[in-house]
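Quick notes on the structure that follows.
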Amino acid sequence: MRSSNPVFSRRGFSRDNGGYAGFNAQQPQAGGPAVGTNPYAEGAANPYATNPYAQDTQLGAPQQVRGNVMTIDDVVSRTAMTLGTVVLTAALSWIVMPVDPANLGKSYAVAIGAALVAFVLAMVQSFKRKPSPALILAYAAFEGFFLGVISAAVSTYISPGVVAQAVLGTMAVFAGVLIAYKMRWIRVTRRFYGFVMAAAIGFILLMAVNALFSLFDGAGDGLGFRSGGLGILFGVIGIILGACFLALDFKQVEDGVTYGAPREESWLAAFGLTMTLVWIYLEMLRVLSILQGND
């Protein structure tokens, strides 16, 4: 099964081999994973058919060093670096890019340019065969610059406290999904994956249509999905989808750690989690902006 996150979809985290996320339905035994059930295990049958990281020991290829496999600590540290870059550049852009009436248009233009660069960098990384820390951190920097300008404008023209509320809301969603996932209240299955993907595709298509209509709408609101009751509804749907993506990302990371993905893959985990959290933050900011703008 492919991950919902495009960062994971081309990687060894997700291979279809008869079980969720490409792992055989048979679980590892107490003495260790059984050969043939773990696509990361050395000497697994047909390794190249299911696992891009497997080593062909029969041909004399070196086995993967156990200390070079991904761990939760690796994922946490890389995610902290990536998110830290987003936060740092967001704070800098908030300071250096004025959003007063005289400069708002210029700041918006620069922010949109930064968002486009971040999008291009994200797509380049998504299609690379190996993660590039420099590319991922560059994406985080440009994304943070965009978020800083948008957040400053919302805080200035709607409510000074809305950004802090959106950050706290994003953290609450992350913590809630993590707890629910660890407690197995959320079970990531094929059906769950299919539902989330179908909902995400529909949501993105609706937002794209709304953006297209907004080009011909003097008010710039298109079909009304970004304001009023519909704006709140679709914002909440976006947050729920982001929470579902988090659950899928947690599953992919858990499988990668369990089955010994290479350590460098922790950068991809950090990249995917960062993109998901940015999504949730933007949707949270949109919902709170509408609610407080209507006060």
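When restricted to residues that are open to solvent by 30 Å² or more (accessible area, probe 1.4 Å) and touching a Gly at 6+ places or on another chain (Cβ under 8 Å), segment 77-88 contains 3. A count restricted to segment 239-295 and to residues that are among the small types (Gly, Ala, Ser) and more than 18 Å from the chain's Cα centre (by Cα) stands at 4. Within segment 246-255, not a single residue is open to solvent by 30 Å² or more (accessible area, probe 1.4 Å) and among the small types (Gly, Ala, Ser).
If you filter segment 89-131 down to residues that are out of contact with any helix residue (DSSP H, G or I) (no Cβ under 6 Å at 6 or more places or on another chain) and within 29 Å of Val257 (Cα to Cα), you find that the one that is most open to solvent (accessible area, probe 1.4 Å) is Arg129. Would you call Ser155 at pLDDT below 95, in a helix (DSSP H, G or I) and over 25 Å from Gln292 (Cα atoms)? Spelling it out, it is not the case that Ser155 is at pLDDT below 95, in a helix (DSSP H, G or I) and over 25 Å from Gln292 (Cα atoms).
The values are calculated or read from the model by the stated rules, or taken from the named source; none is laboratory data. The structure presented is a predicted model; accordingly, all values stated were derived computationally and were not measured. All Cβ positions, even for glycine, are placed from backbone atoms using ideal geometry, and neighbour counts span all protein chains on display. Surface accessibility is based on the protein's heavy atoms, side chains included, excluding ligands, DNA and RNA. Shrake-Rupley method; radii C 1.70, N 1.55, O 1.52, S 1.80 Å.
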